[in-house]
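All remarks here apply to the structure that follows.
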Amino acid sequence: MTNGERTDTGIGAYLRELRGTRSLREVYRRTGISDPYLSNIEKGHRRPGPRVLQKLAAFYGVSLQDLLKRAGHLDAGDDAGAEAEANVDRAFDFVLADPKFRFGTRPDGPLSLAAKRFIVEMYEMLTGKRLLE
């Protein structure tokens, strides 16, 4: 890539907005993504790959599908994955709202979609209720 060339598709500005007052170094410590690389993404000089976006989605508590679309990795027609993610989120919220189902301490940060799905599946096994198709 040449100096000054921008690849920003809106993802950089959006990630900067999500970061808010947190420092790049804090995001690095929590995600393992180097702060210079994060800075280049936010400035629109680099386009993050799906693995980086997965880490950022979990850290910021946002939809991976949304980040993938904003970064240009998914077409608008790829809504099936977004719908499946929304179903897992709804089922996870249901599990958390069930007063009979309690689990230990909650993590400091947001859970990944895979972790939420695992918790929902364990809930389904323990209760016999089907929340996911």
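Hey, which of the helices (runs of 4 or more DSSP H) in segment 13-97, taking only ones fully inside, have at least 1 residues that are of a type in the set (S, T, Y) and in contact (Cβ under 8 Å) with a residue 12 or more places away in the chain? In segment 13-97, 24-31, 35-42, 50-60 are the helices (runs of 4 or more DSSP H) which contain 1 or more residues that are of a type in the set (S, T, Y) and in contact (Cβ under 8 Å) with a residue 12 or more places away in the chain. When P99 is tested against (1) over 15 Å from the mean Cα position of the chain (by Cα); (2) at pLDDT 85 or above, exactly one condition is not met: (2).
The values are calculated or read from the model by the stated rules, or taken from the named source; none is laboratory data. The structure presented is a predicted model; accordingly, all values stated were derived computationally and were not measured. Counting neighbours? That spans all protein chains shown, and the Cβs are built from the backbone with ideal geometry, glycine included.
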